[in-house]
Amino acid sequence: MVRRANLEVHLDRNRASSNWRRAFAAKLDMTMKRAKLSAFAVASSVGVTERDVVLWRAGASAPESLGECERLSAALRVDLDWLCAV
């Protein structure tokens, strides 16, 4: 429970940071390429639009909630902390 609360605070603080978004985007892009997943496939798994995933991958925006990050890490089969806690 504490880990989840800490990660939520971290995301709230850093979501607007361009440095954090770039690091997140690099990890997302690398993971999607290795898994050979399209933006459409990831978006369908996470429950967001394909455009959202494209923007995340470009570093122009980031997931809006911890829930989206959790679903994203599950869809990509990567650790939540590794993906979101830069």
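The values are calculated or read from the model by the stated rules, or taken from the named source; none is laboratory data. Not measured: the values here are computed from a predicted model. Note: ideal-geometry Cβ built from the backbone for every residue, glycine included; neighbour counts use all protein chains shown.
When we screen LEU76, LEU28, LEU72, LEU7 for residues that are modelled with pLDDT under 90, among the hydrophobic types (A, V, I, L, M, F, W, C) and in contact with a helix residue (DSSP H, G or I) (Cβ under 8 Å, 6 or more places away or on another chain), the only hit is LEU7. If you filter the stretch 46-59 down to residues that are modelled with pLDDT of 95 or more and small (Gly, Ala, Ser), you find that the one that is nearest to SER17 (Cα to Cα) is ALA58.
Restricting attention to the stretch 25-59, the residues that are acidic (Asp, Glu) and within 11 Å of the chain's Cα centre (by Cα) total 2.
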